[in-house]
Amino acid sequence: AGLTTTVTKDGDDWRLQPSGDLAERFRVNSLLVRVATLKSNRRIAEPGDALEVYGLATPDMIMRLWRQDDSLYELLVGAKTPNDAGTYARSPDDPAVFVIPNTLASDIEKMVTDPPKAPPTPTPFPTSTATPVPSESTPTP
């Protein structure tokens, strides 16, 4: 069975599910922005039935994003290019295969292998206050 990481929006925060732990906001937002503004390095003519050549017949990873309107966006991530300059990917809605940056493919993989759990909030150190103690000496008149 494949590994899955689920992150849901909670106001301005992201939460890992099912634990409800806070997710690292910057990491999640960064990945979402890069996917939303994805520009492929190269578009390959429609490969027909040869998806196994690109590692996309049974993709290594599938990224699923549900938008606010409940529509689904999927990105299938396959093999690296022969010269290791990128990674093959495609949307199930589009027969074309694209080459995406390896860094994006790696960051998608890290969402599962190293989920974006936010570091714990540091606990403040206890503070102490000094209270002056009255002197025991008696003043001389």
- Tell me, yes or no, whether the range 32-47 has at least one residue that is at negative phi, free of Cβ contacts under 8 Å to residues at least 24 places away in the same chain, out of contact with any helix residue (DSSP H, G or I) (no Cβ under 7 Å at 6 or more places or on another chain) and crowded, with 16+ Cβ neighbours inside 10 Å. no
- Query: Is it true that THR103 is free of Cβ contacts under 8 Å to residues at least 60 places away in the same chain, open to solvent by 20 Å² or more (accessible area, probe 1.4 Å) and not in a loop (DSSP other than H, G, I, E, B)?
  - Reply: yes
- Note on the structure: Screening GLU52, GLU74, GLU24 for residues that are among the acidic types (Asp, Glu) and either in contact (Cβ under 8 Å) with a residue 40 or more places away in the chain or within 30 Å of PRO120 (Cβ to Cβ) (or both) leaves only GLU24
- Query: Is it fair to say THR8 is assigned to a loop (DSSP other than H, G, I, E, B), open to solvent by 50 Å² or more (accessible area, probe 1.4 Å) and either under 24 Å from THR103 (Cβ atoms) or of a type outside the set (Lys, Arg) (or both)?
  - Reply: no
- Message: Scan the range 64-77 and tell me whether some residue there is among the aromatic types (Phe, Trp, Tyr) and open to solvent by 70 Å² or more (accessible area, probe 1.4 Å).
- Response: yes
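The values are calculated or read from the model by the stated rules, or taken from the named source; none is laboratory data. Here the structure is a predicted model, which means the values were calculated and not measured. Heads up, the Cβs are rebuilt from the backbone with ideal geometry, glycines too, and the neighbour counts pull from every protein chain shown. The area values use the complete protein model at the heavy-atom level, side chains included, leaving out ligands, DNA and RNA. Shrake-Rupley method; radii C 1.70, N 1.55, O 1.52, S 1.80 Å.
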